[in-house]
Amino acid sequence: MIRLPLVIGGLIVLALVAMAASAGWIFPDDPMTMVAEPLLWPGQDPAFPLGTDSLGRDIAAGIFHGARASLAIGFISSSAALALGTLVGAVAGYRGGRVDDGLMRISELFQAIPQFMLIIVLLVIFRPSVATIILAISIVGWPAIARLVRAEFIVLREREFVQSCRVIGMSGPAIMLTQILPNALPVLIVSGTIQVATAILMEAALSFLGLGDPNLLTWGGMIGMGRDQLREAWFVVAVPGLALLITALGLNLLGDGLNDLLDPRGRRA
Amino acid sequence: MTPRARRIARFLARRLAQGVALLLCIAVLDFALLHAVPGDAADAIAGEAGTADPGYVATLRHQLGLDQPLPVQLGLYLGRLAQGNFGYSFRYGQSVASLILERLPATLLLMAASIGFAVAASLVLGTLSARFANRWPDRLITLVTLFFYATPLFWFGLMAIVLFGVHLGWLPTGGMYDVARPRTGLAFALDVARHLVLPAFTQACFFLAIYTRLVRTSMLQAYGSDYVRFARAKGVGELRIALRHVLRNALTPLVTMVGLNLGTLLGGAVLTETVFSWPGIGRLMYDAVFQRDVNLLLSILVLGSVIVIVANLLVDMLYAALTPAVELR
């Protein structure tokens, strides 16, 4: 049986990783420097297949180097959110009681606060840099994952294999780590993949608003810069946006595909 | 009072209490963030007013209660917020509260239009998808929603400007009404509506994708359920089944999801309003970022949370009307 979403999504993500890895090799020069006359249309000069922006920078070089920034920020912030969310969600779901109440209150709080606005405020106060951007995105990302893991642990803790572990005297942390967590992995992998897409789109939106790391060339930043020439040279905005769209699409397809692959019971409709 | 009315009243009262508690937490968080900024409010105000006179700063500090211990300051801060006093913006020359209230209607209009569009379109698309499950209309709709879900909102808006505003010239691309030719009455309303189309559609796309999938799933579940089979066996007409049994059951998860998404929607308004120069609180926030006006930013964050909480209460009322009373918890 062909799993089309999984294959397409996987290929897109692989291509992105290859782009990010080869960026320094294919485009060894700093992508922020001027290399040609400004606003060359794609195809106008074969040396610059995707054209140049208003400062004469090579857009193709920006796309390759931007893939690096997007993937790194998306992957690191999602890993952080996943780690914290799993820890809190696992304890809350397995133990219940106070921890659980606390978690539910916190995640309600994060649902009431417009998250993107909170990130903006955090970045204005603590100044945008790669570290603060990653931190801010993971701070708003973890509660949703914690809720998901909690739900999974609440179901799994009642299962027979877990109860038999309790009967033979296995400790709580050991049960959570060696018995329940492996069974909750499919949920974690799928939501982690989707979270990477969300984080990449969020970082792009922040860079677009001028809240990106000033020393980093990102797709969102390229869109923000190109906005001023939107009427005459829309390709400056279109190209990095397409890169974002394809990236998010690839990660979502991969997540959907993994969901089908890892869900033997076929719970989805 | 009927038992059902009593149950609903109790449910709404509990939700109201939860909302107030949440608001208090947000205000405390806000206070903590305000204190994370280097320098205090007195420095900031003196800086904005363009003086660095130590005497003036000391007086201000005393007036604002900044020489008091932290818990007292927190109490004073919460008291001020409760009175709707968010401070004064020197840059705009008016109080922050009036500044935000002035921009609020534009944002509420944009939110209402985009939610309304996303819900209406998702009901149509989701129903089509469920009726033609796994046939080509379903596959086409799934593909479109997949793209909508993955498209960066601000980029979609910019591309819509290029296509509909610049190349086709069908729709205005910025602002809320034609400033050059101000209109009145019905003509003004039509003008605003024309300006609303692109921002509302841009803002709605992402949610349209989520809601369509949700409607499709719950429609499929409802059509496969025993009560629909039973209704058919009784001889109830297809239209009545669709409206009375299937749609009603599909609406409940949709209403819950809309409530959960309100915060995301308001956050997205920062981007939409920036792209389309829509004069709401999102655009105000973008301007405040550039001026590094932390007090204004935090005030917008608090009021944004208030909007989400109040709107959620409205959603709860809708939910209470749709759900059998026994299930209200």
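Remark: relative contact order (chain A) = 27 percent; criterion is Cα-Cα distance under 8 angstrom and separation of 6 or more residues. Solvent-accessible surface of the protein assembly as shown, averaged per residue with a 1.4 angstrom probe and all protein chains in place: 47 square angstrom. Within 10 Å of the Cβ of each residue in B:297-308, the mean number of Cβ atoms contributed by other protein chains is 4. The packing ranking of peptides A:195-206, A:55-66, B:18-29, highest mean first, is A:195-206, A:55-66, B:18-29, where packing means the average number of other beta carbon atoms within 10 angstrom of each residue. Do you know the relative contact order of segment B:96-322, to the nearest whole percent, from alpha carbon pairs under 8 angstrom that are 6+ apart? Answer for segment B:96-322 is 28 percent.
Between the residues B:Val302, B:Ala231, B:Leu168, the greatest Cα displacement towards the positive end of the dipole of chain B, with unit charges on the Cβ of Lys, Arg, Asp and Glu, is found for B:Ala231.
Can you find, among B:Ala5, B:Leu78, B:Gln18, the residue sitting farthest towards the positive end of the charge dipole of segment B:3-95, where Lys and Arg contribute +1 and Asp and Glu -1 at Cβ? Result: B:Ala5, furthest along the dipole toward the positive end. Within a Cβ distance under 14 Å of B:Arg131, other residues only, what is the Lys/Arg minus Asp/Glu net charge? For residues surrounding B:Arg131, the net value is +1.
For A:Asp101 and A:Phe126, the difference between the fully extended length at 0.36 nm per residue and the C-alpha to C-alpha distance is 6.0 nm.
Label-to-label distance for A:Leu242 and B:Ala32 is 4.5 nm, based on points extended 7 Å past Cα in the beta-carbon direction. What does the helix-only formula give at 222 nm for chain A: each DSSP H stretch with n ≥ 4 adding -39500 (n - 2.57), the total divided by the residues, and the result rounded to the nearest 500 deg cm²/dmol? One gets -24000 deg cm²/dmol as the mean residue ellipticity at 222 nm.
The longest stretch of chain B left intact once loop-based chymotrypsin sites (Phe, Trp or Tyr not before Pro) with at most 16 other Cβ atoms within 10 Å are removed from consideration, loops following DSSP, is B:171-329. If R0 is taken as 30 Å, the Cβ-Cβ distance between B:Val124 and B:Thr2 corresponds to a FRET efficiency of 0.25.
Charges were assigned to the Cβ only: +1 to each Lys and Arg, -1 to each Asp and Glu. The resulting dipole of segment B:96-322 about its Cα centre is roughly 900 debye.
Fully extending the segment from A:Asp29 to A:Glu158, taken as 0.36 nm per residue of separation minus the present Cα-Cα distance, adds 40.7 nm. Estimated from helical segments only, the mean residue ellipticity of chain B at 222 nm is -25000 deg cm²/dmol, where each DSSP H run of four or more residues counts as -39500 (n - 2.57). Charge dipole (Cα centre; +1 on Lys/Arg Cβ, -1 on Asp/Glu Cβ; no other charges) of the protein assembly as shown amounts to roughly 2940 debye.
Net charge of the neighbourhood of B:Leu254, taken over other residues with C-beta under 13 Å away and scored Lys/Arg +1, Asp/Glu -1, is +3.
Accessible surface of segment B:96-322, 1.4 Å probe: 69 percent of it comes from carbon and sulfur atoms.
Modelled spin-label separation between B:Arg183 and B:Val166, with each label point placed 7 Å from Cα along the Cα-to-Cβ direction: 2.6 nm. Residue by residue along A:120-129, Cβ atoms of other protein chains within 10 Å of the local Cβ number 5 on average. Of the residues A:Gly85, A:Pro38, A:Phe116, the one whose Cα sits farthest towards the positive end of the charge dipole of chain A is A:Gly85 (charges of +1 on Lys and Arg Cβ, -1 on Asp and Glu Cβ, taken about the Cα centre). What you get for chain A, charging only the Cβ of Lys and Arg (+1) and of Asp and Glu (-1), is a dipole of about 1100 debye around the Cα centre. Summed over both chains, the contact between A and B buries some 4100 Å² of accessible surface at a probe radius of 1.4 Å.
Residue order by solvent-accessible surface for B:His167, B:His245 is B:His167, B:His245, largest first, with ligands and nucleic acids left out and a 1.4 Å probe.
If you model segment B:96-322 as an ellipsoid using its alpha carbon gyration tensor, with each semi-axis the square root of five times an eigenvalue, the axes come out at 36, 21, 16 Å, biggest first. Contact order for segment A:28-177, expressed relative to its length and based on alpha carbon pairs under 8 Å spaced 6+ residues apart, stands at 22 percent. Put a dot 7 Å past the Cα of B:Ala58, heading toward its Cβ, do the same for A:Trp41, and the two dots end up 6.9 nm apart. Taking Lys and Arg as +1 and Asp and Glu as -1, the other residues whose beta-carbon sits under 10 Å from that of B:Ala21 total 0. For segment B:117-138 versus segment B:208-274, the spacing of their alpha-carbon centroids is 10 Å.
The values are calculated or read from the model by the stated rules, or taken from the named source; none is laboratory data. Only a predicted model underlies this, so the values are computations on that prediction, with no experimental measurement involved. Reconstructed Cβ throughout: ideal geometry from the backbone, glycine too, with neighbour counts over all protein chains shown. Accessible surface areas use protein heavy atoms only, side chains included; no ligands, DNA or RNA. Shrake-Rupley method; radii C 1.70, N 1.55, O 1.52, S 1.80 Å.
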